[in-house]
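Right, one structure below, let's go through it.
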Amino acid sequence: NAGVMQNPRHLVRRRGQEARLRCSPMKGHSHVYWYRQLPEEGLKFMVYLQKENIIDESGMPKERFSAEFPKEGPSILRIQQVVRGDSAAYFCASSPPFGSSGNTIYFGEGSWLTVV
Amino acid sequence: AQSVTQLDSQVPVFEEAPVELRCNYSSSVSVYLFWYVQYPNQGLQLLLKYLSGSTLVKGINGFEAEFNKSQTSFHLRKPSVHISDTAEYFCAVSTGGSNYKLTFGKGTLLTVNP
């Protein structure tokens with residue numbers, strides 16, 4: 001049973017470009033979460049999605065960031081007009097509906113974004 | 001809102017020595033507690049979790065943690081560490097209302113020396 005799959009693992013973008021990070025949840029998981037890890041910081045919650053719905057985006061920056069989880073295909077975190085401060089590791093996690101996994105979410109290996 | 005404090009940013013130890021990584025949390029409601037490990041350039045792996053029941057929780061790789069409600073702590077311990085335990089360890093908390101939203105500490109870098 002494959003884990004949470006993220007790609008690309010490493011991405012370099014110039015300031016002003018767009019970054020797209022993809023996440024395929026574990027098989028059987030319908031809930032996806034995105035977290036960001038800034039240098040020397042713990043992970044911080046960004047957004048929680050179910051298929052075709054954003055459930056909680058309270059951690060998303062107000063501008064330039066968006067996320068989707070379409071009916072078909074992976075979840076995508078999109079960052080427009082990247083700036084140096086967006087350089088971070090972006091982790092996707094997934095879970096089945098809560099109550100069936102002991103409230104555990106499972107993380108992918110992360111996508112490291114470097115803005116030059 | 002909850003918060004997590006990991007009291008030590010770095011913990012160096014020698015191989016086969018015991019180790020304790022400290023974690024304190026603050027929350028006005030009941031919490032679920034987690035420890036994750038992150039090896040260099042890898043994702044987070046769940047070590048153990050406390051949801052309810054016994055306050056002593058055993059996890060993978062010989063780690064265990066004890067939930068202490070009165071001291072609002074969830075310290076991680078291992079009686080004898082290996083070189084391969086060198087990694088960053090994160091304590092995290094979530095609450096019942098939005099239990100998908102983990103609040104993480106800043107991490108403790110455990111370095112095991114020969």
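With a 10 Å cut-off around each Cβ of B:84-95, the average count of Cβ atoms from other chains is 1. Accessible surface of residue B:64, taken over heavy atoms with a 1.4 Å probe and every protein chain present, rounds to 50 Å². Remark: C-alpha extents of chain B on the principal axes read 44, 29, 22 Å, sorted largest to smallest.
Normalised by 2.2 N^0.38 Å, where N is the number of residues, the alpha-carbon radius of gyration of chain A equals 1.01. Shape summary: the protein assembly as shown maps onto an equivalent ellipsoid whose semi-axes, from the alpha-carbon gyration tensor, are 30, 21, 16 Å in decreasing order. Measuring between alpha carbons in the structure, the pairs from A:27/B:58; A:44/B:69; A:62/B:78; A:51/B:58 lying more than 30 angstrom apart are A:62/B:78; A:51/B:58. Only protein heavy atoms count here; on that basis, with a 1.4 Å probe, residue B:22 has an accessible area of about 90 Å².
The values are calculated or read from the model by the stated rules, or taken from the named source; none is laboratory data. It should be emphasised that the depicted structure is a prediction, and the values quoted were computed from it without experimental measurement. No Cβ is skipped: glycine too gets one built from the backbone with ideal geometry, and neighbour counts run over all protein chains shown. Accessible surface areas use protein heavy atoms only, side chains included; no ligands, DNA or RNA. Shrake-Rupley method; radii C 1.70, N 1.55, O 1.52, S 1.80 Å.
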